[in-house]
Amino acid sequence: MKLLKLVPDDTNIKFLRWATPFYIFSCLIIAASWFLVWQNGLNYGVDFAGGQEIRATFVGEAQAPISELRQNVSQLETVSDPVIQRFGEDNQVSIRVKLPPEAEGNPEFANQMTEQITEVMRENHPDVRIDGVDSVSGKVSGEFRNDAVLALIAAMVAVALYIWVRFEWQFGVGALFALFHDVSLALGMFALFQLEFSLQIIAAILAIIGYSLNDTIVVYDRIRENLKKYRKMPLPELLDLSVNETLARTVMTSLTLALALIPLLIFGPESLFGLTAAIFLGLVVGTYSSVYMAAPMLIWMGVNSDSFIPQESVADKQERIAREANRI
Amino acid sequence: MLEFPLWRKLLLWGVTLFFALAALPTIFGQGHIRWPDALPNPTVNLGLDLAGGSHILLEADPSQVAATRLENMEESVRNAMRNADPRINIGDVSTRGGRLSFMVQDVSDVDRAREELLPIINGTGTVREWDLEVVDQTRFVLTQTAQGADQAVSSAMESATEVVRKRIDLLGTREPTIIRQGDDRIVVQVPGLEDPEALKELLGQTAQLEFKLVDYEALPTEVQAGIAPPGSEIFPFAEGSEQPGGQIAVRRLGGISGENLIGADLGFDPETNEAVVNIEFDGEGGRRFAKLSSENIGRQFAIILDDQVISAPVFESAIIGGSARISGGQNGFSTEEASNLAIQLESGSLPVDLAIVEERTVGPDLGADSIRKGMLAILIGSVAVIALMIASYGRFGVYATAALVFNVAMILGIMAIMNSTLTLPGLAGFVLTIGAAVDANVLINERIREERKRGRRVIAAVETGYKEASRAIYDANITNFIAGALLLGFGSGPVRGFAIVLIVGLATSVFTAVFLTRMWVAGWLRKARPTDIVL
């Protein structure tokens, strides 16, 4: 039986030759991402902006009356700038309204908007079925925002600390930079395409952090091993060797994850699309960053073959010198 | 490598089967298979986003509790001064700035007033609830202490939670969850709810019922302008009452409050067949109601609910026996309205207004649809992953696949035992776990390939493969665990469901992908003694 081999034996791709140009490229992308976040802002969903989202099905109708809805809903006093879109089937819609500034001081504002919009829909279409309602007040959404930022920062710092403890500080810094790269790119992508940014996306980004680290750690583990094994090998060459040795695994794992995610993107429930798409993005970006961000960082941080040789303590050294002296 | 003592095999299989079997009730669902009653029957709960239902977060305004407390204090102080013997005259009472201040009119009464006040301000509990200060010799200033205020909010929330629970129970929904959250919030989760609007209506109302006599001396023009004569107060008519938009002046004192109410239920007027609310008073309330009605036959009184007049009928006759009937005024109650009012009155009044600050409702159809689509995606994904694993690693791929199957079953089983909840993002967590769980086997198998290429013999290669790959597997899973734990800590609702699947999946995937496959591989190697392996 012949087995499938996606990566031929003895690959020897000079990954690190391109390290500097890729680094420049990546730093530019990171800068561009933050610029986009700053310039366009993130398209906060109901979770983070406050407001309400209703998803409804117009049972028995071929098409949802979107333009009619737009007109009726806009006329409501409490509602400004509703986003009304088809969601799923032709007769399904999602109606999203963010909290206006005057909602401050009225914690029930989002809830009241929801009630009014539902009423308007029922008036002309008694058979409308409300599939889902999310309404979040300003205070609660503010708490969600704080918690999300805290969770992201805490996750990045905590895992970087873990890597520092398990490897060396240079590895921790490298991993942290790779994570920063991945998270920045994900945020930039959401800012660029103005995709809805919700609690689920925070979950996706934390999953990206976990996955990207997975890759980084596998490469780092091999680098550590090779550092002990080939003490004389120049570092760039050693990094290339390590990446090549783990390449088959990297390709295989990325592929299996992609195989699991793609059906979810195509056949999965509509409301999971954002989450899945973000994880998918992380899969691509995370693999790249492990090879091109996390590994080359080690060269610049001055990792060498002595990094993993236990340092002789001062006391030990004195004892050894004394012993050697006695022998003479 | 080949040495696998019997106890170790039994332990591995025992743990695996224990958790995998726990998943059976969930997989087959109750009713589809006969599950013996004697056995425990753990199942994974479906989150509201999959089962359909409502999640509502209610929040109280602590400043309102403080304001009510201040009002009650004013009442207590007035009573204490009035009942003092001889009576202590006070004046210039003010509750501005969150403090109660008043002047004792006669300087010689100051010491006596202080003595009367001491038992009131010390409260019943262990903490002092009010600070008392005397300024300018005759002015008393009472300030709520921070501990007193906290205690008041805390006890108000406690009884509010009880009232909410009672109301939802009276609504007759199945298995609601009502939990106090933080200092001033209550989470209400009701699965499979048909009408979330009715639920919200019930939760929002305080349901403070009062019966008060209409003040006939008030001038209609002044009442419309909102000016109440001394001893009276003005209330607006509720929507749907006989004078929506109008106002009415009622006597402040001499009425009956809902505190004396012991029961309320839906009824129908035998003549008009209109929905009404039958209420029943306790002994004292009944006596007072009889007295009030018999002394005021032919006069109008107002039924006031949450500071709005729902009806202002006339006492036709003395109402004795402690029960009365509330009809909906001009337009009458609809059956729902009457039933809602009955539930609210029956459950008592909320000690504090609750605002709905977050609502998430999912219709049962959408939930079922999500499950179907999610399961389809998981199925297709699993088949693709399994095909790739077997095509790439042959026999070792089969072991990895078996490990994956046990992995999924164990996740479900552990979640069932922990009685945790599967949410929509949790389904995505499953997919991520399926994709990532094989990573450990990929690492191991690739390593074995490498070791074979370097010329190691079969058994040595397998042994080194497992040993060398384990380090990276542990490190990678621990960092993932850190990310998952933070997600669990900071996340809310459905997102926590994602984190739970992720965390449980990490543990089970290490267990199945490293320990189980190792046992199988060892068993095969020992039996077949291959000199070469296809990998």
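Does any residue of region B:443-451 turn out to be open to solvent by 40 Å² or more (accessible area, probe 1.4 Å) and more than 8 Å from chain A (Cβ to nearest Cβ)?
Step one: filter region B:443-451 for residues open to solvent by 40 Å² or more (accessible area, probe 1.4 Å), giving none.
Within region B:443-451 (the criterion being open to solvent by 40 Å² or more (accessible area, probe 1.4 Å) and more than 8 Å from chain A (Cβ to nearest Cβ)), the answer is no, since none of the residues qualifies.
Would it be correct to say that residue B:307 is surrounded by fewer than 13 Cβ atoms within 10 Å (Cβ to Cβ) and in contact with a strand residue (DSSP E or B) (Cβ under 9 Å, 6 or more places away or on another chain)?
Spelling it out, residue B:307 is indeed surrounded by fewer than 13 Cβ atoms within 10 Å (Cβ to Cβ) and in contact with a strand residue (DSSP E or B) (Cβ under 9 Å, 6 or more places away or on another chain).
Here's a check for you: in region A:209-243, which residue that is within 11 Å of chain B (Cβ to nearest Cβ), open to solvent by 10 Å² or more (accessible area, probe 1.4 Å) and over 20 Å from the mean Cα position of the chain (by Cα) is farthest from residue A:177 (Cα to Cα)?
In this case the residue turns out to be A:225.
As an exercise: evaluate residue A:247 against (1) more than 7 Å from chain B (Cβ to nearest Cβ); (2) more than 14 Å from the chain's Cα centre (by Cα); (3) open to solvent by less than 10 Å² (accessible area, probe 1.4 Å) and give the number of the one condition it does not meet.
Only one criterion is unmet by residue A:247, namely (3).
Just to verify a result, which residue in region B:467-483, among those that are more than 7 Å from chain A (Cβ to nearest Cβ) and either touching a Pro at 6+ places or on another chain (Cβ under 7 Å) or of a type outside the set (Asp, Glu) (or both), is farthest from residue B:422 (Cα to Cα)? Steps first, please.
At the first step, the residues of region B:467-483 found to be more than 7 Å from chain A (Cβ to nearest Cβ) are B:467-470, B:473-474, B:477, B:481.
Keeping just the survivors that are either touching a Pro at 6+ places or on another chain (Cβ under 7 Å) or of a type outside the set (Asp, Glu) (or both) gives B:467, B:469-470, B:473-474, B:477, B:481.
Numbers: B:467: 35, B:469: 32, B:470: 30, B:473: 26, B:474: 26, B:477: 22, B:481: 19 Å.
The qualifying residue farthest from residue B:422 (Cα to Cα) is B:467.
Return the residue satisfying two criteria in turn: it lies in region B:278-289 and is of a type outside the set (D, E, K, R), more than 12 Å from residue B:255 (Cα to Cα) and out of contact with any Phe, Trp or Tyr (no Cβ under 8 Å at 6 or more places or on another chain), and of such residues it is surrounded by the most Cβ atoms within 10 Å (Cβ to Cβ).
Taking region B:278-289 first, the residues of a type outside the set (D, E, K, R) are B:278-279, B:281, B:283, B:285-286, B:289.
Subset that is more than 12 Å from residue B:255 (Cα to Cα): B:278-279, B:281, B:283, B:286.
When the remaining residues are screened for being out of contact with any Phe, Trp or Tyr (no Cβ under 8 Å at 6 or more places or on another chain), the result is B:278-279, B:283, B:286.
Details: B:278: 17, B:279: 27, B:283: 10, B:286: 20.
By that ranking, first place goes to B:279.
Do you know which residues across region B:359-387 are under 23 Å from residue A:248 (Cβ atoms) and open to solvent by less than 20 Å² (accessible area, probe 1.4 Å)? Working first, answer last.
If we filter region B:359-387 for residues that are under 23 Å from residue A:248 (Cβ atoms), which is where we start, we get B:381-387.
Within region B:359-387, B:381, B:385 qualify.
For the list (1) facing chain B (nearest Cβ under 7 Å); (2) without any contact (Cβ under 8 Å) to a residue 40 or more places away in the chain; (3) more than 17 Å from residue B:358 (Cβ to Cβ), I need the number of the one condition that residue A:176 fails.
Checking residue A:176 against (1) facing chain B (nearest Cβ under 7 Å); (2) without any contact (Cβ under 8 Å) to a residue 40 or more places away in the chain; (3) more than 17 Å from residue B:358 (Cβ to Cβ), the one that fails is (1).
It is to be established whether one or more residues within region B:409-417 are among the small types (Gly, Ala, Ser), out of contact with any helix residue (DSSP H, G or I) (no Cβ under 8 Å at 6 or more places or on another chain) and more than 8 Å from every other protein chain (Cβ to nearest Cβ). Reasoning before the result, please.
First, pick out the residues of region B:409-417 that are among the small types (Gly, Ala, Ser): B:409, B:413, B:416.
When the remaining residues are screened for being out of contact with any helix residue (DSSP H, G or I) (no Cβ under 8 Å at 6 or more places or on another chain), the result is none.
No; the residues of region B:409-417 include none that is among the small types (Gly, Ala, Ser), out of contact with any helix residue (DSSP H, G or I) (no Cβ under 8 Å at 6 or more places or on another chain) and more than 8 Å from every other protein chain (Cβ to nearest Cβ).
Consider residue B:433 carefully, then state whether it is assigned to a helix (DSSP H, G or I), open to solvent by less than 10 Å² (accessible area, probe 1.4 Å), more than 7 Å from every other protein chain (Cβ to nearest Cβ) and in contact (Cβ under 8 Å) with a residue 24 or more places away in the chain.
On the way: assigned to a helix (DSSP H, G or I): yes; open to solvent by less than 10 Å² (accessible area, probe 1.4 Å): no; more than 7 Å from every other protein chain (Cβ to nearest Cβ): yes; in contact (Cβ under 8 Å) with a residue 24 or more places away in the chain: yes.
No: the conditions fail for residue B:433.
Checking the structure you have, find out if any residue of region B:215-224 is β-branched (Val, Ile, Thr), surrounded by 14 or more Cβ atoms within 10 Å (Cβ to Cβ) and in contact with a helix residue (DSSP H, G or I) (Cβ under 9 Å, 6 or more places away or on another chain).
Initial filter on region B:215-224 (β-branched (Val, Ile, Thr)): B:221, B:223.
Restricting the remaining residues to those that are surrounded by 14 or more Cβ atoms within 10 Å (Cβ to Cβ) gives B:223.
Those still in the list that are in contact with a helix residue (DSSP H, G or I) (Cβ under 9 Å, 6 or more places away or on another chain) too: none.
So far as region B:215-224 goes, no, none of its residues is β-branched (Val, Ile, Thr), surrounded by 14 or more Cβ atoms within 10 Å (Cβ to Cβ) and in contact with a helix residue (DSSP H, G or I) (Cβ under 9 Å, 6 or more places away or on another chain).
Filter region A:1-31 down to residues that are polar (S, T, N, Q) and assigned to a helix (DSSP H, G or I), then give me how many there are.
Taking region A:1-31 as the starting set, the residues that turn out to be polar (S, T, N, Q) are A:11-12, A:20, A:26.
The next check asks that each one be assigned to a helix (DSSP H, G or I); those that pass are A:20, A:26.
The number of residues fulfilling the criteria is 2.
Considering region B:491-526 alone, what residues qualify as being surrounded by 23 or more Cβ atoms within 10 Å (Cβ to Cβ) and modelled with pLDDT under 90?
Hits for region B:491-526 are B:491, B:494, B:495, B:497, B:498.
Do you know which residues across region B:484-530 are touching a residue at least 12 places away in the same chain (Cβ under 8 Å), more than 13 Å from every other protein chain (Cβ to nearest Cβ) and not in a helix (DSSP H, G or I)?
B:530
Would you confirm whether any residue within region B:453-461 is within 11 Å of chain A (Cβ to nearest Cβ) and either part of a helix (DSSP H, G or I) or closer than 28 Å to residue B:371 by Cα (or both)?
The answer is yes; a qualifying residue exists.
Identify all residues within region B:376-408 that are among the small types (Gly, Ala, Ser) and more than 9 Å from chain A (Cβ to nearest Cβ); write none if there are none. Let's see the steps before the verdict.
Taking region B:376-408 first, the residues among the small types (Gly, Ala, Ser) are B:377, B:381-382, B:384, B:387, B:391-392, B:394, B:397, B:400, B:402-403.
Once the filter is applied, which keeps residues that are among the small types (Gly, Ala, Ser) and more than 9 Å from chain A (Cβ to nearest Cβ), region B:376-408 yields B:400, B:402, B:403.
Scan region B:39-53 residue by residue and report those that are in contact (Cβ under 8 Å) with a residue 40 or more places away in the chain, open to solvent by 20 Å² or more (accessible area, probe 1.4 Å) and not charged (D, E, K, R). Give the derivation first.
Let us first name the residues in region B:39-53 that are in contact (Cβ under 8 Å) with a residue 40 or more places away in the chain, namely B:42-53.
Keeping just the survivors that are open to solvent by 20 Å² or more (accessible area, probe 1.4 Å) gives B:42-43, B:45-46, B:48-49, B:51.
Hits for region B:39-53 are B:42, B:43, B:45, B:46, B:48, B:51.
Grab the strands (runs of 3 or more DSSP E) fully contained in region B:302-403, keeping just those with 1 or more residues being within 30 Å of residue B:276 (Cβ to Cβ) and at pLDDT below 80. Let's see the steps before the verdict.
Numbers: elements: B:308-311, B:323-327, B:354-362.
The qualifying strands (runs of 3 or more DSSP E) are B:323-327.
Please go through region A:179-208 and pick out each residue that is open to solvent by 30 Å² or more (accessible area, probe 1.4 Å), in a helix (DSSP H, G or I) and more than 9 Å from chain B (Cβ to nearest Cβ). Write out each step before concluding.
Here is the first cut: in region A:179-208, the residues open to solvent by 30 Å² or more (accessible area, probe 1.4 Å) are A:180, A:185, A:189, A:192-196, A:200.
With in a helix (DSSP H, G or I) added as a condition, the list becomes A:180, A:185, A:189, A:192-193, A:200.
Of everything in region A:179-208, those that are open to solvent by 30 Å² or more (accessible area, probe 1.4 Å), in a helix (DSSP H, G or I) and more than 9 Å from chain B (Cβ to nearest Cβ) turn out to be A:180, A:185, A:189, A:192, A:193.
What is the number of the single condition among (1) open to solvent by 20 Å² or more (accessible area, probe 1.4 Å); (2) on the phi > 0 side of the Ramachandran plot that residue B:236 does not meet?
Single failed check for residue B:236: (2).
Based on this model, can you work out whether residue B:165 counts as in contact (Cβ under 8 Å) with a residue 60 or more places away in the chain and either more than 20 Å from residue B:61 (Cβ to Cβ) or out of contact with any Cys (no Cβ under 9 Å at 6 or more places or on another chain) (or both)? Walk me through how you get there before you give the answer.
Values: in contact (Cβ under 8 Å) with a residue 60 or more places away in the chain: no; either more than 20 Å from residue B:61 (Cβ to Cβ) or out of contact with any Cys (no Cβ under 9 Å at 6 or more places or on another chain) (or both): yes.
Answer is no for this residue.
Does region A:23-31 include one or more residues that are in contact with a helix residue (DSSP H, G or I) (Cβ under 6 Å, 6 or more places away or on another chain), among the aliphatic types (A, V, I, L, M) and within 27 Å of residue B:56 (Cα to Cα)?
no
Are any residues in region A:251-262 facing chain B (nearest Cβ under 8 Å) and either open to solvent by 10 Å² or more (accessible area, probe 1.4 Å) or outside any helix (DSSP H, G or I) (or both), and if so, which ones? Explain how you work it out, then say what you get.
Quick first cut of region A:251-262, residues facing chain B (nearest Cβ under 8 Å) only: A:252-253, A:255-262.
Scanning region A:251-262 gives A:255, A:258, A:259, A:262.
Regarding region B:187-206, can at least one residue be identified that is within 26 Å of the chain's Cα centre (by Cα), in a loop (DSSP other than H, G, I, E, B) and under 21 Å from residue B:75 (Cβ atoms)? It would help to see each step written out before you state the result.
At the first step, the residues of region B:187-206 found to be within 26 Å of the chain's Cα centre (by Cα) are B:187-206.
Those left that are additionally in a loop (DSSP other than H, G, I, E, B): B:192-195, B:205-206.
Filter once more, keeping what is under 21 Å from residue B:75 (Cβ atoms): B:206.
The answer is yes, given that some residue of region B:187-206 is within 26 Å of the chain's Cα centre (by Cα), in a loop (DSSP other than H, G, I, E, B) and under 21 Å from residue B:75 (Cβ atoms).
The values are calculated or read from the model by the stated rules, or taken from the named source; none is laboratory data. In this text the structure is predicted, and so the values were computed from the model without any measurement. No Cβ is skipped: glycine too gets one built from the backbone with ideal geometry, and neighbour counts run over all protein chains shown. With ligands, DNA and RNA removed, areas are computed over all heavy atoms of the protein, side chains included. Shrake-Rupley method; radii C 1.70, N 1.55, O 1.52, S 1.80 Å.
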